[in-house]
Amino acid sequence: MRLYSFFLSSAAFRARIALNLKGVDYETVSVNLAQGEHREPAFLATNPQATVPVIDDDGTVLWQSLAIIEYLDARYPSPRLFPAEPVARARVQALAQLIVCEIHPLNNLRVRNYLRDELKLDAAAQSRWYKHWIGEGFASMEGLVRRFSGGRYCFGDAVSAADVCLVPQVYNARRFDCDLTPYPTIQRIADGLRSEPAFARAAPEQQPDAT
Ligand SMILES: N[C@@H](CCC(=O)N[C@@H](CS)C(=O)NCC(=O)O)C(=O)O
């Protein structure tokens with residue numbers, strides 16, 4: 001298994017956590033987003049969408065972190081990251097999608113670059129944008145995890161795809177200096193999980209391409 005990754009990518013962080021939880025050995029292929037390597041022909045031949053993560057499982061190439069997590073869940077069922085029971089499964093999907101589809105796309109690298117380079121927003125306005133969308137998304141997430149968490153995890157009493165998505169998003173929010181005090185449940189869950197081995201080994205500073 002190969003994982004195309006960049007140490008600071010939160011979407012790749014999700015894939016790294018999932019691979020670690022499943023106990024799958026993988027080789028990291030670093031794609032330096034800061035240097036634009038994801039837009040070079042060599043990487044575009046692998047993923048025309050120019051995003052990480054991408055996995056290459058013995059020649060089968062897959063992209064989009066949630067699709068990768070679902071694939072890993074089907075291939076390596078333990079621990080299950082999406083519950084089998086239909087209602088629980090839909091709720092875990094909804095929590096994961098809140099992060100993957102509603103929060104992260106507004107603050108990823110290409111959006112931030114567009115705000116800076118095309119719309120000419122200064123650093124203060126860029127930061128305001130970032131914090132605004134974290135606040136909107138985390139306010140919703142806080143209400144949902146308060147309702148559905150059993151205490152340690154986002155949903156019930158087992159690790160799920162929602163946790164796999166939450167921990168990297170909290171890491172990013174802190175990296176961009178967002179105030180997380182209005183979200184005590186989110187903070188408690190993320191802080192409890194980040195020292196678990198599968199999460200700790202996936203952290204940006206533990207990656208071979210960390211600088
Ligand atoms: N929805 C995608 C998002 C992938 C994504 O945007 N990844 C970021 C890194 S976190 C990326 O490759 N950004 C490159 C860019 O924005 O140009 C997923 O979950 O995999």
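The values are calculated or read from the model by the stated rules, or taken from the named source; none is laboratory data. Keep in mind it's a predicted model, so treat the numbers as computed, not measured. Heads up, the Cβs are rebuilt from the backbone with ideal geometry, glycines too, and the neighbour counts pull from every protein chain shown.
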| query | Only one of these conditions is not met by Ala67: (1) without any contact (Cβ under 8 Å) to a residue 40 or more places away in the chain; (2) away from the ligand (no atom under 12 Å from the Cβ); (3) assigned to a helix (DSSP H, G or I). Which number is it? | reply | (2)
| request: Being over 9 Å from the mean Cα position of the chain (by Cα) and closer than 20 Å to Leu21 by Cα is the filter here, so list the residues in region 164-185 that pass it. | output: Val170, Tyr171
| query | Within region 187-195, is there a residue that is surrounded by 17 or more Cβ atoms within 10 Å (Cβ to Cβ), closer than 20 Å to Arg14 by Cα and touching a helix residue (DSSP H, G or I) at 6+ places or on another chain (Cβ under 6 Å)? | reply | yes
| In this structure, is Ser149 surrounded by 15 or more Cβ atoms within 10 Å (Cβ to Cβ) and hydroxyl-bearing (Ser, Thr, Tyr)? | yes
| field | So Gly135, is it in the same structural domain as Gln97 (by TED's automatic domain parsing), out of contact with any helix residue (DSSP H, G or I) (no Cβ under 9 Å at 6 or more places or on another chain) and in contact (Cβ under 8 Å) with a residue 24 or more places away in the chain | value | yes
| Any pair with Cβ under 6 angstrom, 6 or more apart, that starts in region 106-119 at a residue that is hydrophobic (A, V, I, L, M, F, W, C) and ends at one that is within 11 Å of the ligand (Cβ to nearest atom) | Leu109/Leu33
| remark: Residue count, region 11-49, condition surrounded by 24 or more Cβ atoms within 10 Å (Cβ to Cβ), touching a helix residue (DSSP H, G or I) at 6+ places or on another chain (Cβ under 8 Å) and within 15 Å of Ala210 (Cα to Cα), comes to 3
